[in-house]
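These notes are about the structure you will find just below.
The values are calculated or read from the model by the stated rules, or taken from the named source; none is laboratory data. Keep in mind the model is a prediction, meaning the values are calculated, not measured. All Cβ positions, glycine included, derive from the backbone under ideal geometry; neighbour counts span all protein chains shown.
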């Protein structure tokens with residue numbers, strides 16, 4: 001009985017998993033892109049690494065739509081010139097992301113985490129959206145710069161999900 005209580009106490013007082021920090025190994029990423037192809041962090045790397053953008057949803061979030069447009073117009077090419085592949089992930093279905101990529105001429109990978117498994121592994125599920133909400137499972141917006149060794153070099157997040165890191169901040173983080 002005492003052993004059971006000790007284990008229960010340890011579980012209750014154990015620190016909650018945290019959003020991955022700079023200097024830590026990036027959690028696994030195992031998803032499908034907008035064309036249904038399986039992707040991992042390794043398959044998505046450029047010669048310097050990956051810039052991974054978690055966004056809420058391009059189907060209903062005007063902030064996500066604006067962010068993707070800005071990244072496409074102002075960040076994708078400079079990041080590629082530095083050896084970073086830009087990729088973005090949401091819980092949107094692959095077919096929707098594929099249509100979005102075609103409509104907006106996005107040539108870099110859009111990733112679908114329809115069951116929010118990667119979002120959960122990265123501790124980015126937005127707690128403000130609960131069961132019954134169309135947004136349950138949505139990610140808190142975040143951008144990670146990940147080196148080829150899988151170590152997080154930079155993490156950009158804002159407390160207010162309506163505010164996204166500037167393109168300038170993303171480019172500076174990928175230097």
Task: Number of the exception - residue 36 against (1) at pLDDT 95 or above; (2) on the phi > 0 side of the Ramachandran plot - done: (1)
Open item on the list: Here is a list: 68, 86, 44, 97. Which entry is in contact with a strand residue (DSSP E or B) (Cβ under 6 Å, 6 or more places away or on another chain) and closer than 22 Å to residue 166 by Cα?
Closed with: 86
Open item on the list: Which pairs turn up if I take residues in the range 125-145 that are without any contact (Cβ under 8 Å) to a residue 40 or more places away in the chain and look for partners that are surrounded by 19 or more Cβ atoms within 10 Å (Cβ to Cβ) and assigned to a strand (DSSP E or B) with beta carbon separation below 9 Å, at least 6 apart in sequence or on another chain?
Closed with: 125/139
- [ ] Of the conditions (1) within 20 Å of residue 141 (Cβ to Cβ); (2) within 13 Å of the chain's Cα centre (by Cα), residue 18 clears all except one; give me its number.
- [x] (2)
Open item on the list: Against the condition without any contact (Cβ under 8 Å) to a residue 12 or more places away in the chain, more than 15 Å from residue 27 (Cβ to Cβ) and out of contact with any strand residue (DSSP E or B) (no Cβ under 9 Å at 6 or more places or on another chain), how does residue 161 come out, does it pass?
Closed with: no
Open item on the list: Can you confirm whether residue 96 is within 19 Å of residue 62 (Cβ to Cβ) and touching a residue at least 24 places away in the same chain (Cβ under 8 Å)?
Closed with: yes
- [ ] Could you check how many residues of the range 108-128 are at pLDDT 95 or above and touching a helix residue (DSSP H, G or I) at 6+ places or on another chain (Cβ under 8 Å)?
- [x] 6
